[in-house]
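Worksheet for the structure shown next.
The values are calculated or read from the model by the stated rules, or taken from the named source; none is laboratory data. Predicted, not measured: the structure shown is a model, and the values here were computed from it. All Cβ positions, glycine included, derive from the backbone under ideal geometry; neighbour counts span all protein chains shown. Surface areas here come from the heavy atoms of the whole protein model, side chains and all, with no ligands, DNA or RNA. Shrake-Rupley method; radii C 1.70, N 1.55, O 1.52, S 1.80 Å.
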Amino acid sequence: MSDRSLEQTISALIQQEGLPDAYAETVEKTILPLADRICALHDTEKQPIVVGIHGAQGTGKSTLTLFLREILLRHRNRSAANFSLDDIYLTRCERQDLSERVHPLFITRGVPGTHDVALGQQVLNRLRGAAPEDATPIPAFDKSRDDRVPRDQWPVFGGRAEVILLEGWCLDARPEQDSALAQPMNPLEENEDPDGVWRSYVNDQLKGEYRKFFDEIDFLIMLKAPSMECVLEWRRLQEQKLANKIRNAPKSGEPHDGAQELRIMTDEEVGRFVMHYERVTRACLAEMPGRADVLINVAEDHSLGLPQFREA
């Protein structure tokens with residue numbers, strides 16, 4: 001592919017995602033070097049590789065994944081598939097059961113324990129072992145309904161994937177020492193998990209089947225947020241933007257217009273929501289930069305720094 005063709009792809013993606021034109025420079029300086037490093041690893045391994053993309057909420061994981069997939073597919077001649085930990089959340093019914101059996105906080109999706117890790121493993125295995133004529137359904141989750149999309153509506157990937165991009169906010173998180181769980185991290189843990197049952201279960205998940213699943217990662221990219229406080233602020237701004245979008249949406253005249261039904265969280269509700277993720281996020285911010293294969297610092301304005309490659 002010519003450079004002109006690559007520029008056209010990048011420009012189209014920037015427009016599609018509503019990104020500023022300056023994002024083209026981010027692609028050139030940050031994303032293209034990443035794509036080339038992934039290709040070099042694939043050439044060395046001579047088999048399908050799993051690239052993990054870790055980042056707290058608001059760091060731009062999905063955007064990075066999209067650009068990497070399209071560049072690998074269209075301009076590096078690599079068959080690239082992708083899915084997110086968000087795609088393999090337990091169904092609403094399964095989380096309801098978990099909340100009744102283990103702890104009420106598990107009704108809220110997100111933390112380790114609320115994913116169908118076996119399903120994720122199954123998808124990885126199928127993508128890596130598929131014959132050219134095989135089709136692999138990729139799970140999908142509808143956050144507006146807080147439930148998994150019916151299987152017959154899942155997108156399908158054809159053939160064998162040479163590169164699998166797997167992204168998630170708690171991807172490759174490591175368990176804490178059990179002693180660290182005794183002290184509540186925030187008011188949510190103090191008031192709603194006083195005995196530590198919820199956070200202990202989450203930690204045990206990271207020791208067990210999540211660890212086996214994360215061990216499938218061949219190359220780990222970390223998008224590092226400036227701080228937990230910044231993650232909270234980004235989430236609040238996200239909710240405010242959604243509120244403004246709904247407020248400015250044309251009224252259809254229907255009493256049950258879809259946009260008007262969306263539930264907007266107050267700043268206080270956002271604060272409580274983010275507390276579910278705080279413990280694991282803080283632990284990752286503290287220990288993951290030293291072991292990630294690539295570290296990319298994310299600035300407060302969401303811009304990405306240059307990739308810092310860890311040399312073996």
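Scalar couplings 3J(HN,Hα) for region 32-47, obtained by applying the Karplus form with A = 6.51, B = -1.76, C = 1.60 to θ = phi - 60°, are 4, x, 5, 4, 5, 5, 4, 4, 5, 5, 5, 5, 6, 6, 6, 7 Hz; x denotes Gly and Pro.
Magnitude of the charge dipole for region 39-186, about its Cα centre and with charges confined to Cβ atoms of Lys, Arg (+1) and Asp, Glu (-1), is about 320 debye.
Ordered by solvent-accessible area of protein heavy atoms (1.4 Å probe), largest first, the residues E45, E133 come out as E133, E45.
In this structure the amide hydrogen of Y89, modeled in the peptide plane, comes within under 5 Å of the amide hydrogens of D116, none closer than 5 places in sequence on its chain. Karplus-based coupling profile of region 199-211, in residue order and whole Hz: 5, 5, 5, 4, 5, 5, 4, 5, 7, x, 5, 5, 4, with θ = phi - 60° in 6.51 cos²θ - 1.76 cosθ + 1.60 and x standing for Gly or Pro.
Per-residue ellipticity at 222 nm computed for the chain from its helices equals -13500 deg cm²/dmol, with DSSP H segments shorter than 4 residues left out and the rest contributing -39,500 (n - 2.57). With the whole protein complex present, C93 retains an accessible surface near 100 Å², based on a 1.4 Å probe.
Under the simplified labelling scheme, the D36-L306 pair shows an inter-label distance of 1.3 nm, with each label point 7 Å from Cα along Cα→Cβ. I'd like the FRET efficiency for A182 and A286, computed as 1/(1 + (r/R0)^6) with the beta carbon distance as r and R0 of 25 Å, rounded to 0.05. Efficiency for this residue pair is about 0.90.
Assuming charge only on the beta carbon of Lys and Arg (+1) and of Asp and Glu (-1), the dipole of region 145-227 about its Cα centre is about 340 debye to the nearest 20. When the chain is modelled as a GNM with alpha-carbon springs shorter than 10 Å, which of G113, G55, G208 fluctuates the most? Of the options given, G208 has the highest mean-square fluctuation.
Computed from label points 7 Å out along Cα-Cβ, the spacing between K212 and E268 is 4.4 nm.
Given that just one value was derived from the coordinates, which of (1) 158; (2) 144; (3) 127 is volume of the Cα convex hull per residue in Å³? Answer by label: (1).
DSSP finds beta bridges in the chain, and of those with both partners inside it, around 30 percent are antiparallel.
In this structure the amide hydrogen of L165, modeled in the peptide plane, comes within under 5 Å of the amide hydrogens of V51, A81, N82, F83, none closer than 5 places in sequence on its chain.
Normalising the average separation of contacting C-alpha pairs (under 8 angstrom, six or more residues apart) by the number of residues puts the relative contact order of region 1-160 at 17 percent. Coupling constants for region 302-309 follow from the phi torsions by the Karplus curve (6.51 cos²θ - 1.76 cosθ + 1.60, θ = phi - 60°), and in residue order they are 6, 6, 9, x, 6, x, 9, 8 Hz; glycine and proline get x. Close amide-amide hydrogen proximity is noted between R148 and R92, D142, each under 5 Å apart and 5 or more residues distant or on a separate chain (H modeled in the peptide plane; Pro and chain starts excluded). Computed over protein heavy atoms with a 1.4 Å probe, the carbon and sulfur contribution to the accessible area of the chain reaches 48%. Accessible area per residue for the chain, computed on protein heavy atoms with a 1.4 Å probe, is 50 Å². Charges were assigned to the Cβ only: +1 to each Lys and Arg, -1 to each Asp and Glu. The resulting dipole of the chain about its Cα centre is roughly 500 debye. Ranking Q122, G52, I10 by how far each Cα lies toward the positive end of the dipole of the chain (charges on Cβ) leaves I10 at the top. Simple spin-label estimate for L242 and Q16 gives 2.3 nm between the two label positions (7 Å along the Cα-to-Cβ direction from each Cα).
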